[in-house]
């Protein structure tokens, strides 16, 4: 997903720089934004689930020291999910900015 989103952002930036935007590009961009928003929502839910799981693992590890292994594993997974979620969040917000630039280019071309 990182590579796909990164490639799409670069491709769109190139089109914006060249001012080579069509209405079809804007429609496609809106569709991609919806896909990435869905992906972001799913990762938010999974991240929250792992956050709750880590919190419960902390509580249980006070009672049973063997549960520390599960806590550390869950914490590692949580760190990667948070990292990926923030990547998605930042790039989806950047897609919104790209959309605004694309609309401005279309408006300038129609004048």
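All of the numbers you see were taken from the coordinates with simple rules; none came from a lab. Values in this document were obtained by computation on a predicted structure and should not be read as measured data. All Cβ positions, even for glycine, are placed from backbone atoms using ideal geometry, and neighbour counts span all protein chains on display.
In degrees from 0 to 90, rounded to the nearest 10, what is the angle of the helix 23-63 Cα long axis to the longest principal axis of the chain?
It works out to around 10 degrees.
Quick one: if you stick a label point 7 Å off each Cα along the C-beta vector at residue 61 and residue 101, how many nm between them?
4.3
Give me the distance in nm between label points sitting 7 Å out from Cα along the Cα-to-Cβ direction at residue 83 and residue 46, one decimal.
That separation, rounded to one decimal, is 1.5 nm.
Tilt of helix 67-110 relative to the longest C-alpha principal axis of the chain, in degrees (0 to 90, nearest 10)?
10
Over the range 23-110, what is the relative contact order in whole percent, taking alpha-carbon pairs under 8 Å and six or more residues apart?
Across the range 23-110, relative contact order equals 42 percent.
Assuming 0.36 nm per residue, please report the length gained on full extension of the stretch residue 38 to residue 13 beyond their Cα-Cα distance.
Extra length from residue 38 to residue 13 when fully extended: 6.8 nm.
What is the spread of the Cα atoms of the chain along each of their three principal axes, largest first, in whole Å?
Answer, in whole Å and largest first: 70, 18, 15 Å.
May I ask for the distance between the Cα centers of the range 56-102 and the range 1-41, given as a whole number of Å?
24
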